[in-house]
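Colleague: Got a structure for you, questions after.
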Amino acid sequence: MDREALIFLHIPKTAGTTLNRIIEWQYSPLSIFTIDPYGIRATTERFKTFSEQRRRRLRVVRGHLFYGIHEFLPQGATYITMLRDPVARLLSTYYFILRRPLHPLHRTFKTQRLGLEDLIRLTPNRQNLQCRFIAGIGRVEDVEVRAEAGRATSAGICDERVLEIAKENLTRSFRVIGLTERFQESLLLMMTSFGWKISFYENRKVSKIRSAVEPGVADMIREHNRLDIELYDFAKKLFEESLCKNEDSIREALATLRSIPKPGSFKRFGYSTMGVGRFLVSKIASAI
């Protein structure tokens, strides 16, 4: 029988890099298709042109992709994702731009000393980004994500209708909805749902820069991400329900995770090196 594929819908700045490294240890790198955010070869559009046989062999499809790609997986698929408090997510995006010289917006923000208000003003299609991804409607035509939605529309308007579609998709199609702020519990849900065996993991790309945001700026972020805030609140309820429903399994998974001895420096180096290898194999397999 065909094995249902897993789709990791990776919303930017939601601890997706850490989760990706974990996923790479659960499945053969050759069975993972990774959407390339820079649109070089491993794109959503190219994925749709693959033969049915190649698509059927995939165990995982992941990346900055919009809801809807399951329609091109003949073996069937289920989704997972991580959501994050919209204010924290936008703050993370802003500081990511400031500390990454190669980011397309870095020079502009550094030289002109632009702030969070400017990020909101200059990137309207980044606002309510989580709704856009989960609903699969519209495109994020900016420098952060360049993957097209499977059901893209030229207008890309994010409104109440999009929010309702996003809520429906979360309820109907997502096996696990994780929260960045509660990463370990989210991981335990995934271990329980998919039978993952985890011996060790490290948080990746975690910014050490934390700065208090002025109340007025936080209010501005909330105002421009009102739909994302409502979606996040909705997702938190689903998350709590899932924890209660799987309480016994979660307790067992947590005990297993806590019983794993912390690896020494040599073992961590070996694990990290092998992880890099698995990551590269996955990327190469997706590009050819």
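Colleague: Taking amide H atoms as placed 1.01 Å from N in the peptide plane, list the residues 5 or more away in sequence, or in a different chain, whose amide H sits under 5 Å from that of residue 83.
Modeller: The list, which skips near neighbours in sequence, is 178, 179, 180.
Colleague: Moving on. Skipping prolines and chain starts, which residues have an amide H placed within reach, meaning under 5 Å, of the one on residue 61, given they are 5 or more residues away or on another chain?
Modeller: Those qualifying (amide H under 5 Å, at least 5 residues apart or on another chain) are 6, 7, 8, 33.
Colleague: Go through 44-54, 21-31 and give me the packing order, highest mean Cβ count within 10 Å leading. Mind showing how you got there, number by number?
Modeller: On the way: 44-54: 13.1, 21-31: 17.8.
Going by the mean number of other Cβ atoms within 10 Å, highest first, we get 21-31, 44-54.
Colleague: Okay, moving on. Report the Cα-based extents of the chain along its three principal axes, largest first, to the nearest Å.
Modeller: Answer, in whole Å and largest first: 50, 44, 39 Å.
Colleague: Given +1 on the Cβ of Lys and Arg, -1 on the Cβ of Asp and Glu, and no further charges, what dipole in debye does the chain carry about its Cα centre, rounded to the nearest 20?
Modeller: On the way: 47 positive and 32 negative charges, 275 e Å.
Value, rounded to 20: 1320 debye.
Colleague: For the chain, compute the number of Lys pairs whose alpha carbons are separated by less than 17 Å, excluding pairs fewer than 8 positions apart on the same chain.
Modeller: Lysine pairs satisfying the spacing and distance rule in the chain number 7.
Throughout, read-outs are computed from the coordinates displayed, never taken from laboratory work. All values derive from a computational prediction rather than experimental measurement. A quick note on method: Cβ atoms are made from the backbone with ideal geometry, for glycine too, and the neighbour counts reach across all protein chains shown.
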